[in-house]
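Asks: Right, I'll just put the structure down here and ask away after.
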Amino acid sequence: TGGEDDGMNRSEQTPARDREARTPADWLRMEWNHIGLYIQALAKWLAVAAVTGAACGVVGSAFHIGVEKATELRGAHGWLLWCLPLAGLVIVGFYKLTKTEGQGTNDIIDAVHLGKGLSIFLLPAIFLGTVLTHLCGGSAGREGAALQMGGTIGHHVGALFRLDDRDMRTATMAGMAAFFAALFGTPLTATVFAMVVISIGIMYHAAFIPCLTASLVAYGVSLLLGVEPTRFTVDMPALEAVMLLRVAVLGALCALVSILFCNTIHFAEHQMARRIPNAWVRVVTGGIGIIALTYLCGTTDYNGAGMNIITAAVEQGSVHPAAFLLKILFTAVTLSAGFKGGEVVPSFFVGATFGCVAGPLLGIPASFGAALGLVAVFCGAVNCPVASIFLSVELFGDGGLLYFALICGISYMLSGYNGLYSSQTILYSKLKAQYINVHTNAHHAGNPHAEPPVRGSLKEE
(Lines give C-alpha, C1' and ligand atoms only; values in the text may rest on other atoms or scores of the structure.)
Protein backbone atom coordinates (compact mmCIF):
# COMPACT_ATOMS: atom_id res chain seq x y z
CA THR A 1 0.00 0.00 0.00
CA GLY A 2 0.99 3.64 -0.22
CA GLY A 3 1.65 3.89 3.52
CA GLU A 4 3.95 0.90 3.45
CA ASP A 5 5.90 2.35 0.53
CA ASP A 6 6.31 5.68 2.33
CA GLY A 7 7.64 3.91 5.40
CA MET A 8 10.08 1.87 3.37
CA ASN A 9 11.30 4.96 1.55
CA ARG A 10 11.90 6.91 4.78
CA SER A 11 13.76 3.98 6.30
CA GLU A 12 15.85 3.43 3.18
CA GLN A 13 16.80 7.11 2.99
CA THR A 14 17.86 7.56 6.64
CA PRO A 15 21.48 8.89 6.65
CA ALA A 16 24.07 6.45 7.95
CA ARG A 17 25.35 8.88 10.62
CA ASP A 18 21.83 9.16 12.11
CA ARG A 19 21.57 5.40 12.38
CA GLU A 20 24.98 5.20 14.06
CA ALA A 21 23.95 7.84 16.64
CA ARG A 22 21.16 5.65 17.97
CA THR A 23 21.54 3.14 20.80
CA PRO A 24 21.84 -0.58 19.93
CA ALA A 25 18.23 -1.13 21.07
CA ASP A 26 17.00 1.68 18.83
CA TRP A 27 19.02 0.33 15.94
CA LEU A 28 17.63 -3.19 16.37
CA ARG A 29 14.08 -1.86 16.61
CA MET A 30 14.56 0.23 13.49
CA GLU A 31 16.03 -2.69 11.53
CA TRP A 32 13.23 -4.98 12.67
CA ASN A 33 10.63 -2.46 11.53
CA HIS A 34 12.50 -2.08 8.27
CA ILE A 35 12.50 -5.86 7.68
CA GLY A 36 8.85 -6.00 8.68
CA LEU A 37 7.92 -3.59 5.91
CA TYR A 38 9.55 -5.85 3.31
CA ILE A 39 7.80 -8.90 4.75
CA GLN A 40 4.46 -7.08 4.57
CA ALA A 41 5.15 -6.02 0.99
CA LEU A 42 6.12 -9.59 0.02
CA ALA A 43 2.99 -11.01 1.64
CA LYS A 44 0.84 -8.41 -0.11
CA TRP A 45 2.26 -9.21 -3.53
CA LEU A 46 2.11 -12.96 -3.04
CA ALA A 47 -1.59 -12.61 -2.21
CA VAL A 48 -2.32 -10.28 -5.13
CA ALA A 49 -0.33 -12.46 -7.54
CA ALA A 50 -1.94 -15.69 -6.35
CA VAL A 51 -5.46 -14.32 -6.86
CA THR A 52 -4.49 -12.78 -10.21
CA GLY A 53 -2.78 -15.97 -11.38
CA ALA A 54 -5.71 -18.17 -10.39
CA ALA A 55 -8.22 -15.92 -12.15
CA CYS A 56 -6.06 -15.62 -15.27
CA GLY A 57 -5.41 -19.37 -15.26
CA VAL A 58 -9.12 -20.19 -15.25
CA VAL A 59 -10.16 -17.53 -17.78
CA GLY A 60 -7.06 -18.14 -19.90
CA SER A 61 -7.72 -21.87 -20.05
CA ALA A 62 -11.34 -21.27 -21.02
CA PHE A 63 -10.18 -18.85 -23.70
CA HIS A 64 -7.56 -21.29 -25.03
CA ILE A 65 -10.11 -24.10 -25.21
CA GLY A 66 -12.64 -21.75 -26.83
CA VAL A 67 -10.21 -20.73 -29.58
CA GLU A 68 -9.19 -24.37 -30.17
CA LYS A 69 -12.82 -25.50 -30.45
CA ALA A 70 -13.58 -22.59 -32.78
CA THR A 71 -10.65 -23.60 -35.00
CA GLU A 72 -11.82 -27.22 -35.05
CA LEU A 73 -15.36 -26.18 -35.97
CA ARG A 74 -14.11 -23.99 -38.80
CA GLY A 75 -12.02 -26.86 -40.12
CA ALA A 76 -15.01 -29.18 -40.06
CA HIS A 77 -17.45 -26.66 -41.52
CA GLY A 78 -15.86 -24.62 -44.28
CA TRP A 79 -19.03 -22.58 -44.80
CA LEU A 80 -18.27 -20.69 -41.55
CA LEU A 81 -15.83 -18.57 -43.54
CA TRP A 82 -18.81 -16.95 -45.25
CA CYS A 83 -20.07 -15.84 -41.83
CA LEU A 84 -16.97 -13.66 -41.23
CA PRO A 85 -18.68 -10.34 -42.17
CA LEU A 86 -21.60 -11.21 -39.88
CA ALA A 87 -19.18 -12.09 -37.07
CA GLY A 88 -17.55 -8.71 -37.61
CA LEU A 89 -20.87 -6.95 -37.15
CA VAL A 90 -21.43 -8.83 -33.89
CA ILE A 91 -17.97 -7.81 -32.68
CA VAL A 92 -18.48 -4.14 -33.52
CA GLY A 93 -21.93 -4.19 -31.95
CA PHE A 94 -20.69 -5.78 -28.73
CA TYR A 95 -17.84 -3.30 -28.39
CA LYS A 96 -20.26 -0.42 -28.89
CA LEU A 97 -22.72 -1.93 -26.41
CA THR A 98 -20.03 -2.31 -23.73
CA LYS A 99 -18.52 1.10 -24.57
CA THR A 100 -15.09 -0.46 -25.16
CA GLU A 101 -14.83 0.54 -28.83
CA GLY A 102 -11.29 1.46 -29.79
CA GLN A 103 -9.74 -0.10 -26.69
CA GLY A 104 -6.99 -2.64 -27.07
CA THR A 105 -3.47 -3.65 -26.12
CA ASN A 106 -2.23 -0.05 -26.26
CA ASP A 107 -4.69 0.83 -23.48
CA ILE A 108 -3.17 -1.92 -21.32
CA ILE A 109 0.28 -0.43 -21.91
CA ASP A 110 -1.08 3.03 -21.08
CA ALA A 111 -2.53 1.64 -17.86
CA VAL A 112 1.04 0.87 -16.80
CA HIS A 113 2.58 4.01 -18.33
CA LEU A 114 0.01 6.54 -17.19
CA GLY A 115 -2.12 4.77 -14.61
CA LYS A 116 -5.24 4.83 -16.80
CA GLY A 117 -8.28 2.85 -15.69
CA LEU A 118 -9.50 -0.25 -17.51
CA SER A 119 -13.13 -1.18 -18.08
CA ILE A 120 -14.06 -4.65 -16.85
CA PHE A 121 -16.20 -4.99 -19.99
CA LEU A 122 -13.00 -5.18 -22.06
CA LEU A 123 -12.67 -8.75 -20.74
CA PRO A 124 -15.82 -10.24 -22.33
CA ALA A 125 -15.45 -8.02 -25.40
CA ILE A 126 -12.00 -9.26 -26.40
CA PHE A 127 -12.90 -12.85 -25.40
CA LEU A 128 -15.97 -12.93 -27.65
CA GLY A 129 -14.30 -10.94 -30.42
CA THR A 130 -11.27 -13.21 -30.66
CA VAL A 131 -13.25 -16.47 -30.55
CA LEU A 132 -15.61 -15.22 -33.29
CA THR A 133 -12.64 -14.07 -35.39
CA HIS A 134 -11.06 -17.53 -35.20
CA LEU A 135 -14.38 -19.33 -35.67
CA CYS A 136 -15.06 -17.58 -38.98
CA GLY A 137 -11.55 -17.53 -40.42
CA GLY A 138 -10.04 -14.17 -39.55
CA SER A 139 -6.24 -14.19 -39.50
CA ALA A 140 -5.19 -13.23 -35.98
CA GLY A 141 -3.39 -14.48 -32.92
CA ARG A 142 -4.25 -14.78 -29.24
CA GLU A 143 -1.74 -12.70 -27.30
CA GLY A 144 -3.56 -9.41 -27.89
CA ALA A 145 -6.49 -10.95 -26.07
CA ALA A 146 -4.11 -12.37 -23.47
CA LEU A 147 -2.53 -9.01 -22.65
CA GLN A 148 -5.89 -7.23 -22.65
CA MET A 149 -7.76 -9.78 -20.55
CA GLY A 150 -4.81 -10.39 -18.25
CA GLY A 151 -4.15 -6.69 -17.77
CA THR A 152 -7.84 -6.08 -17.06
CA ILE A 153 -7.98 -8.90 -14.50
CA GLY A 154 -4.78 -7.72 -12.82
CA HIS A 155 -6.04 -4.15 -12.71
CA HIS A 156 -9.32 -5.09 -11.05
CA VAL A 157 -7.70 -7.52 -8.61
CA GLY A 158 -5.44 -4.63 -7.61
CA ALA A 159 -8.53 -2.48 -7.07
CA LEU A 160 -10.01 -5.26 -4.93
CA PHE A 161 -6.91 -5.12 -2.72
CA ARG A 162 -7.13 -1.31 -2.70
CA LEU A 163 -3.63 -0.81 -4.09
CA ASP A 164 -2.35 2.68 -4.76
CA ASP A 165 -1.65 4.06 -8.25
CA ARG A 166 1.89 2.70 -8.60
CA ASP A 167 0.99 -0.73 -7.26
CA MET A 168 -2.00 -0.87 -9.62
CA ARG A 169 0.44 -0.66 -12.51
CA THR A 170 2.41 -3.60 -11.13
CA ALA A 171 -0.82 -5.56 -10.66
CA THR A 172 -1.68 -4.88 -14.31
CA MET A 173 1.70 -6.26 -15.40
CA ALA A 174 1.18 -9.33 -13.22
CA GLY A 175 -2.11 -9.99 -14.99
CA MET A 176 -0.49 -9.60 -18.40
CA ALA A 177 2.21 -12.10 -17.45
CA ALA A 178 -0.25 -14.58 -15.94
CA PHE A 179 -2.56 -14.73 -18.94
CA PHE A 180 0.36 -15.01 -21.37
CA ALA A 181 1.73 -17.92 -19.32
CA ALA A 182 -1.65 -19.66 -19.22
CA LEU A 183 -2.03 -19.44 -23.01
CA PHE A 184 1.45 -20.41 -24.17
CA GLY A 185 2.82 -22.38 -21.22
CA THR A 186 5.88 -20.12 -21.00
CA PRO A 187 5.89 -18.59 -17.48
CA LEU A 188 9.45 -17.22 -17.57
CA THR A 189 8.98 -15.58 -20.97
CA ALA A 190 5.66 -14.16 -19.79
CA THR A 191 7.27 -12.70 -16.67
CA VAL A 192 10.10 -10.97 -18.49
CA PHE A 193 7.90 -9.89 -21.41
CA ALA A 194 5.40 -8.15 -19.13
CA MET A 195 8.23 -6.36 -17.31
CA VAL A 196 10.03 -5.05 -20.37
CA VAL A 197 7.44 -4.59 -23.15
CA ILE A 198 6.07 -1.36 -21.67
CA SER A 199 9.21 0.78 -21.90
CA ILE A 200 12.13 -0.63 -23.88
CA GLY A 201 15.32 0.14 -21.98
CA ILE A 202 13.76 -0.16 -18.52
CA MET A 203 12.98 -3.33 -16.62
CA TYR A 204 10.49 -2.93 -13.77
CA HIS A 205 12.39 -5.09 -11.27
CA ALA A 206 9.86 -4.40 -8.52
CA ALA A 207 7.33 -6.34 -10.61
CA PHE A 208 9.45 -9.50 -10.82
CA ILE A 209 7.99 -11.42 -7.86
CA PRO A 210 4.37 -10.39 -8.61
CA CYS A 211 4.72 -11.30 -12.32
CA LEU A 212 6.61 -14.55 -11.72
CA THR A 213 4.24 -15.71 -8.99
CA ALA A 214 1.15 -14.87 -11.05
CA SER A 215 2.67 -16.61 -14.10
CA LEU A 216 3.50 -19.78 -12.20
CA VAL A 217 0.05 -19.95 -10.60
CA ALA A 218 -1.69 -19.36 -13.95
CA TYR A 219 0.54 -21.92 -15.66
CA GLY A 220 -0.23 -24.49 -12.97
CA VAL A 221 -3.97 -23.85 -13.24
CA SER A 222 -3.85 -24.18 -17.03
CA LEU A 223 -2.08 -27.55 -16.74
CA LEU A 224 -4.71 -28.76 -14.26
CA LEU A 225 -7.44 -27.73 -16.71
CA GLY A 226 -5.85 -29.67 -19.57
CA VAL A 227 -4.14 -26.91 -21.58
CA GLU A 228 -1.02 -28.28 -23.23
CA PRO A 229 1.97 -25.89 -23.24
CA THR A 230 3.38 -24.93 -26.64
CA ARG A 231 6.54 -26.97 -27.31
CA PHE A 232 8.49 -27.95 -30.44
CA THR A 233 11.10 -30.61 -31.17
CA VAL A 234 14.04 -29.31 -33.21
CA ASP A 235 17.53 -30.72 -33.87
CA MET A 236 20.12 -28.11 -32.92
CA PRO A 237 23.47 -28.03 -34.77
CA ALA A 238 26.73 -27.94 -32.86
CA LEU A 239 28.21 -24.54 -32.08
CA GLU A 240 30.62 -23.45 -34.80
CA ALA A 241 31.88 -20.19 -36.28
CA VAL A 242 30.48 -20.70 -39.78
CA MET A 243 27.00 -21.47 -38.48
CA LEU A 244 27.15 -18.41 -36.21
CA LEU A 245 27.88 -16.27 -39.28
CA ARG A 246 24.97 -17.81 -41.18
CA VAL A 247 22.65 -17.23 -38.23
CA ALA A 248 23.75 -13.59 -38.04
CA VAL A 249 22.86 -13.10 -41.71
CA LEU A 250 19.47 -14.72 -41.13
CA GLY A 251 19.00 -12.37 -38.16
CA ALA A 252 19.54 -9.35 -40.41
CA LEU A 253 16.97 -10.68 -42.88
CA CYS A 254 14.49 -11.40 -40.06
CA ALA A 255 14.88 -7.80 -38.87
CA LEU A 256 13.78 -6.63 -42.32
CA VAL A 257 10.83 -9.02 -42.23
CA SER A 258 9.79 -7.73 -38.80
CA ILE A 259 9.92 -4.15 -40.14
CA LEU A 260 7.76 -5.19 -43.10
CA PHE A 261 5.33 -6.97 -40.79
CA CYS A 262 4.92 -4.11 -38.31
CA ASN A 263 4.72 -1.36 -40.90
CA THR A 264 2.22 -3.29 -43.02
CA ILE A 265 -0.04 -3.80 -39.99
CA HIS A 266 0.14 -0.11 -39.01
CA PHE A 267 -0.23 1.15 -42.57
CA ALA A 268 -3.32 -1.01 -43.14
CA GLU A 269 -4.89 0.18 -39.88
CA HIS A 270 -4.16 3.80 -40.76
CA GLN A 271 -5.53 3.52 -44.30
CA MET A 272 -8.64 1.51 -43.41
CA ALA A 273 -9.62 3.92 -40.65
CA ARG A 274 -9.06 6.92 -42.94
CA ARG A 275 -10.76 5.55 -46.05
CA ILE A 276 -13.62 3.67 -44.34
CA PRO A 277 -14.37 5.61 -41.14
CA ASN A 278 -17.63 3.76 -40.46
CA ALA A 279 -16.78 0.76 -38.25
CA TRP A 280 -19.74 -1.31 -39.48
CA VAL A 281 -18.82 -0.88 -43.14
CA ARG A 282 -15.13 -1.36 -42.43
CA VAL A 283 -15.54 -4.73 -40.70
CA VAL A 284 -17.86 -6.06 -43.43
CA THR A 285 -15.42 -4.91 -46.12
CA GLY A 286 -12.54 -6.60 -44.33
CA GLY A 287 -14.52 -9.81 -43.90
CA ILE A 288 -15.35 -9.91 -47.61
CA GLY A 289 -11.69 -9.22 -48.35
CA ILE A 290 -10.54 -12.22 -46.29
CA ILE A 291 -13.08 -14.47 -48.02
CA ALA A 292 -11.83 -13.30 -51.42
CA LEU A 293 -8.17 -13.77 -50.46
CA THR A 294 -8.87 -17.26 -49.15
CA TYR A 295 -10.46 -18.35 -52.43
CA LEU A 296 -7.74 -16.67 -54.48
CA CYS A 297 -5.07 -18.60 -52.56
CA GLY A 298 -7.08 -21.81 -52.72
CA THR A 299 -6.21 -22.73 -49.13
CA THR A 300 -7.23 -21.94 -45.56
CA ASP A 301 -3.62 -22.04 -44.34
CA TYR A 302 -3.66 -18.32 -43.62
CA ASN A 303 -6.95 -18.19 -41.73
CA GLY A 304 -6.96 -18.35 -37.94
CA ALA A 305 -3.72 -18.53 -35.98
CA GLY A 306 -2.07 -21.09 -38.24
CA MET A 307 -0.37 -23.11 -35.50
CA ASN A 308 -0.44 -26.19 -37.76
CA ILE A 309 1.63 -24.34 -40.37
CA ILE A 310 4.07 -23.16 -37.68
CA THR A 311 4.46 -26.76 -36.49
CA ALA A 312 5.02 -27.99 -40.04
CA ALA A 313 7.71 -25.37 -40.61
CA VAL A 314 9.54 -26.02 -37.34
CA GLU A 315 9.24 -29.80 -37.08
CA GLN A 316 9.01 -30.86 -40.73
CA GLY A 317 10.83 -28.03 -42.51
CA SER A 318 8.11 -27.72 -45.15
CA VAL A 319 6.16 -24.57 -46.10
CA HIS A 320 5.01 -22.62 -49.16
CA PRO A 321 7.77 -20.15 -50.19
CA ALA A 322 5.38 -17.16 -50.11
CA ALA A 323 3.61 -18.18 -46.90
CA PHE A 324 5.15 -15.42 -44.79
CA LEU A 325 4.06 -12.69 -47.23
CA LEU A 326 0.53 -14.05 -47.51
CA LYS A 327 0.20 -14.26 -43.72
CA ILE A 328 1.25 -10.63 -43.39
CA LEU A 329 -1.42 -9.66 -45.93
CA PHE A 330 -4.19 -11.73 -44.30
CA THR A 331 -3.32 -10.44 -40.81
CA ALA A 332 -3.16 -6.80 -41.92
CA VAL A 333 -6.61 -7.01 -43.54
CA THR A 334 -8.13 -8.83 -40.56
CA LEU A 335 -6.88 -6.54 -37.80
CA SER A 336 -7.30 -3.27 -39.71
CA ALA A 337 -10.93 -4.16 -40.42
CA GLY A 338 -11.72 -4.43 -36.70
CA PHE A 339 -11.52 -8.16 -35.99
CA LYS A 340 -9.85 -9.18 -32.75
CA GLY A 341 -6.93 -11.35 -31.70
CA GLY A 342 -3.32 -10.33 -31.72
CA GLU A 343 -0.15 -10.01 -33.74
CA VAL A 344 2.31 -12.20 -31.82
CA VAL A 345 1.16 -15.61 -33.13
CA PRO A 346 1.08 -14.18 -36.69
CA SER A 347 4.64 -12.97 -36.06
CA PHE A 348 5.51 -16.56 -35.06
CA PHE A 349 3.95 -17.76 -38.32
CA VAL A 350 5.74 -15.16 -40.43
CA GLY A 351 9.09 -15.80 -38.75
CA ALA A 352 8.87 -19.59 -38.86
CA THR A 353 7.80 -19.75 -42.50
CA PHE A 354 10.39 -17.17 -43.58
CA GLY A 355 13.17 -18.91 -41.65
CA CYS A 356 12.15 -22.27 -43.11
CA VAL A 357 12.56 -20.87 -46.64
CA ALA A 358 15.56 -18.57 -46.13
CA GLY A 359 17.51 -20.87 -43.81
CA PRO A 360 18.45 -23.53 -46.40
CA LEU A 361 19.58 -20.78 -48.82
CA LEU A 362 22.15 -19.81 -46.17
CA GLY A 363 23.15 -23.39 -45.35
CA ILE A 364 20.95 -23.61 -42.24
CA PRO A 365 18.69 -26.70 -41.84
CA ALA A 366 15.08 -25.78 -42.66
CA SER A 367 13.63 -26.77 -39.29
CA PHE A 368 16.35 -24.97 -37.35
CA GLY A 369 15.95 -21.94 -39.60
CA ALA A 370 12.21 -21.94 -38.87
CA ALA A 371 12.86 -21.98 -35.11
CA LEU A 372 15.37 -19.17 -35.44
CA GLY A 373 13.05 -17.14 -37.64
CA LEU A 374 10.11 -17.54 -35.25
CA VAL A 375 12.06 -16.08 -32.35
CA ALA A 376 13.89 -13.41 -34.38
CA VAL A 377 10.82 -11.89 -36.05
CA PHE A 378 9.00 -11.91 -32.70
CA CYS A 379 11.99 -10.11 -31.16
CA GLY A 380 12.10 -7.49 -33.91
CA ALA A 381 8.35 -6.90 -33.65
CA VAL A 382 8.14 -6.48 -29.86
CA ASN A 383 11.68 -5.14 -29.19
CA CYS A 384 12.26 -7.55 -26.29
CA PRO A 385 15.52 -9.50 -26.87
CA VAL A 386 15.84 -10.97 -23.37
CA ALA A 387 12.23 -12.18 -23.33
CA SER A 388 12.78 -13.62 -26.82
CA ILE A 389 15.81 -15.59 -25.66
CA PHE A 390 13.78 -17.04 -22.79
CA LEU A 391 11.03 -17.84 -25.31
CA SER A 392 13.48 -19.88 -27.37
CA VAL A 393 14.47 -21.93 -24.32
CA GLU A 394 10.87 -22.61 -23.28
CA LEU A 395 9.72 -23.49 -26.80
CA PHE A 396 12.76 -25.37 -28.16
CA GLY A 397 15.03 -26.20 -25.21
CA ASP A 398 18.46 -24.76 -24.48
CA GLY A 399 20.46 -26.73 -27.05
CA GLY A 400 20.89 -23.78 -29.41
CA LEU A 401 20.87 -21.01 -26.81
CA LEU A 402 23.84 -19.07 -28.18
CA TYR A 403 22.45 -19.17 -31.71
CA PHE A 404 19.12 -17.80 -30.47
CA ALA A 405 20.86 -15.14 -28.38
CA LEU A 406 22.83 -14.00 -31.42
CA ILE A 407 19.87 -13.84 -33.78
CA CYS A 408 17.76 -12.00 -31.20
CA GLY A 409 20.50 -9.43 -30.71
CA ILE A 410 20.91 -8.88 -34.45
CA SER A 411 17.17 -8.66 -35.08
CA TYR A 412 16.64 -6.25 -32.18
CA MET A 413 19.43 -3.92 -33.28
CA LEU A 414 18.58 -3.85 -36.99
CA SER A 415 14.78 -3.69 -36.71
CA GLY A 416 15.03 0.01 -35.85
CA TYR A 417 12.38 1.90 -33.90
CA ASN A 418 9.48 -0.16 -35.18
CA GLY A 419 7.07 -2.22 -33.13
CA LEU A 420 3.61 -3.70 -32.90
CA TYR A 421 2.32 -1.45 -30.11
CA SER A 422 2.05 2.29 -30.62
CA SER A 423 1.98 2.98 -26.87
CA GLN A 424 5.26 1.13 -26.39
CA THR A 425 8.22 3.49 -26.01
CA ILE A 426 11.89 2.90 -26.69
CA LEU A 427 13.70 5.01 -24.13
CA TYR A 428 17.29 4.42 -25.21
CA SER A 429 18.92 4.22 -28.60
CA LYS A 430 19.66 0.77 -30.00
CA LEU A 431 23.02 1.98 -31.29
CA LYS A 432 24.51 4.07 -28.48
CA ALA A 433 24.01 5.02 -24.82
CA GLN A 434 21.62 7.83 -25.67
CA TYR A 435 18.18 8.72 -24.32
CA ILE A 436 15.59 9.09 -27.10
CA ASN A 437 12.11 8.21 -25.72
CA VAL A 438 10.19 7.47 -28.95
CA HIS A 439 7.01 5.59 -29.80
CA THR A 440 7.39 2.52 -32.00
CA ASN A 441 4.60 3.40 -34.44
CA ALA A 442 5.31 6.38 -36.68
CA HIS A 443 1.75 6.27 -38.08
CA HIS A 444 0.46 6.76 -34.55
CA ALA A 445 2.30 10.08 -34.45
CA GLY A 446 0.82 11.09 -37.79
CA ASN A 447 4.01 10.94 -39.86
CA PRO A 448 4.89 7.52 -41.31
CA HIS A 449 8.26 8.78 -42.52
CA ALA A 450 9.39 10.56 -39.37
CA GLU A 451 12.76 9.77 -37.85
CA PRO A 452 12.77 9.23 -34.07
CA PRO A 453 13.72 12.47 -32.32
CA VAL A 454 16.73 12.65 -30.06
CA ARG A 455 15.86 14.37 -26.81
CA GLY A 456 18.95 14.09 -24.70
CA SER A 457 21.63 11.71 -23.57
CA LEU A 458 22.42 9.47 -20.67
CA LYS A 459 24.83 12.08 -19.38
CA GLU A 460 22.24 14.84 -19.60
CA GLU A 461 19.59 12.67 -17.97
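The values are calculated or read from the model by the stated rules, or taken from the named source; none is laboratory data. No experiment lies behind these values; they were computed from the predicted model shown. In this analysis, Cβ positions are derived from the backbone assuming ideal geometry, glycine residues included, and neighbour counts consider all displayed protein chains. In case anyone asks, the SASA skips ligands and DNA or RNA and just uses the protein heavy atoms, side chains included. Shrake-Rupley method; radii C 1.70, N 1.55, O 1.52, S 1.80 Å.
Asks: Could you check how many residues of the stretch 260-295 are touching an Asp or Glu at 6+ places or on another chain (Cβ under 9 Å) and of a type in the set (A, V, I, L, M)?
Replies: 2
Asks: Okay, moving on. Would the stretch 141-154 turn up any residue that is touching a residue at least 24 places away in the same chain (Cβ under 8 Å), crowded, with 23+ Cβ neighbours inside 10 Å and farther than 30 Å from Gly287 by Cβ?
Replies: yes
Asks: So which pairs qualify, if the first residue must be in the stretch 354-381 and farther than 22 Å from Met413 by Cβ, the second must be hydroxyl-bearing (Ser, Thr, Tyr) and at pLDDT below 95, the Cβ gap must be under 8 Å, and the two must be at least 6 apart or on different chains?
Replies: Sorted first by the residue in the stretch 354-381, then by its partner, the pairs are Cys356/Ser318; Ala366/Ser318.
Asks: Can you name every residue in the stretch 232-254 that is within 14 Å of Leu372 (Cα to Cα), among the aliphatic types (A, V, I, L, M) and open to solvent by 70 Å² or more (accessible area, probe 1.4 Å)? Give the steps one after another, and end with the answer.
Replies: Quick first cut of the stretch 232-254, residues within 14 Å of Leu372 (Cα to Cα) only: 232-237, 243-254.
Restricting the remaining residues to those that are among the aliphatic types (A, V, I, L, M) gives 234, 236, 243-245, 247-250, 252-253.
The one that is within 14 Å of Leu372 (Cα to Cα), among the aliphatic types (A, V, I, L, M) and open to solvent by 70 Å² or more (accessible area, probe 1.4 Å): Leu245.
Asks: Continuing with this model, one more query. Has the stretch 208-218 got at least one residue that is more than 30 Å from Thr425 (Cα to Cα), open to solvent by less than 50 Å² (accessible area, probe 1.4 Å), at pLDDT 95 or above and not hydrophobic (A, V, I, L, M, F, W, C)?
Replies: no
Asks: OK, next. Just the residues that are touching a residue at least 12 places away in the same chain (Cβ under 8 Å), open to solvent by 10 Å² or more (accessible area, probe 1.4 Å) and either among the hydrophobic types (A, V, I, L, M, F, W, C) or more than 16 Å from Gly53 (Cβ to Cβ) (or both), please, taken from the stretch 155-171.
Replies: Of everything in the stretch 155-171, those that are touching a residue at least 12 places away in the same chain (Cβ under 8 Å), open to solvent by 10 Å² or more (accessible area, probe 1.4 Å) and either among the hydrophobic types (A, V, I, L, M, F, W, C) or more than 16 Å from Gly53 (Cβ to Cβ) (or both) turn out to be Val157, Leu160, Phe161, Arg162, Leu163, Asp164, Asp165, Arg166, Asp167, Met168, Arg169.
Yes/no matrix, rows are residues, columns are (1) open to solvent by less than 10 Å² (accessible area, probe 1.4 Å); (2) among the aliphatic types (A, V, I, L, M); (3) modelled with pLDDT under 95; (4) in contact with a Gly (Cβ under 8 Å, 6 or more places away or on another chain):
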position: Phe330; (1), (2), (3), (4): yes, no, no, no
position: Ala337; (1), (2), (3), (4): yes, yes, no, yes
position: Val345; (1), (2), (3), (4): yes, yes, yes, yes
position: Thr353; (1), (2), (3), (4): yes, no, no, yes
position: Gly359; (1), (2), (3), (4): yes, no, no, yes
position: Leu372; (1), (2), (3), (4): yes, yes, no, yes
position: Cys384; (1), (2), (3), (4): yes, no, yes, no
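Asks: To continue, here is another question. Step by step: first the residues of the stretch 108-117, then only those that are in contact (Cβ under 8 Å) with a residue 40 or more places away in the chain and open to solvent by 20 Å² or more (accessible area, probe 1.4 Å), then the one that is nearest to the chain's Cα centre (by Cα). Which residue is that?
Replies: Asp110
Asks: Let me ask you something else. Within the stretch 306-317, which residues are modelled with pLDDT under 95 and surrounded by 24 or more Cβ atoms within 10 Å (Cβ to Cβ)?
Replies: Within the stretch 306-317, just Gly306 meets the criteria.
Asks: What number of residues within the stretch 64-81 are hydrophobic (A, V, I, L, M, F, W, C), within 23 Å of the chain's Cα centre (by Cα) and open to solvent by less than 20 Å² (accessible area, probe 1.4 Å)?
Replies: If we filter the stretch 64-81 for residues that are hydrophobic (A, V, I, L, M, F, W, C), which is where we start, we get 65, 67, 70, 73, 76, 79-81.
If we keep only those that are within 23 Å of the chain's Cα centre (by Cα) as well, we get 65, 67, 70.
Among the residues that remain, those that are also open to solvent by less than 20 Å² (accessible area, probe 1.4 Å) are: 67, 70.
Final tally of qualifying residues: 2.
Asks: One residue is enough: does the stretch 82-92 have a residue meeting the conditions assigned to a helix (DSSP H, G or I), modelled with pLDDT under 95 and surrounded by fewer than 17 Cβ atoms within 10 Å (Cβ to Cβ)? Spell out the reasoning first.
Replies: First pass over the stretch 82-92, keeping only residues assigned to a helix (DSSP H, G or I): 82-92.
Within this subset, residues satisfying the condition of being modelled with pLDDT under 95 are none.
Among the residues of the stretch 82-92, not one is assigned to a helix (DSSP H, G or I), modelled with pLDDT under 95 and surrounded by fewer than 17 Cβ atoms within 10 Å (Cβ to Cβ), which makes the answer no.
Asks: Of the residues that sit in the stretch 417-461 and are at pLDDT 75 or above and assigned to a strand (DSSP E or B), which one is surrounded by the fewest Cβ atoms within 10 Å (Cβ to Cβ)?
Replies: Only one residue fits best here, namely Leu427.
Asks: Here is a further query. Being open to solvent by 20 Å² or more (accessible area, probe 1.4 Å) and touching a helix residue (DSSP H, G or I) at 6+ places or on another chain (Cβ under 8 Å) is the filter here, so list the residues in the stretch 42-61 that pass it.
Replies: Leu42, Lys44, Trp45, Leu46, Ala50, Val51, Ala54, Ala55, Val58, Val59
Matching residues to (1) open to solvent by less than 30 Å² (accessible area, probe 1.4 Å); (2) over 23 Å from the mean Cα position of the chain (by Cα); (3) on the phi > 0 side of the Ramachandran plot; (4) not polar (S, T, N, Q):
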| residue | (1), (2), (3), (4) |
| --- | --- |
| Leu256 | no, no, no, yes |
| Phe267 | no, no, no, yes |
| Met272 | no, yes, no, yes |
| Val283 | yes, yes, no, yes |
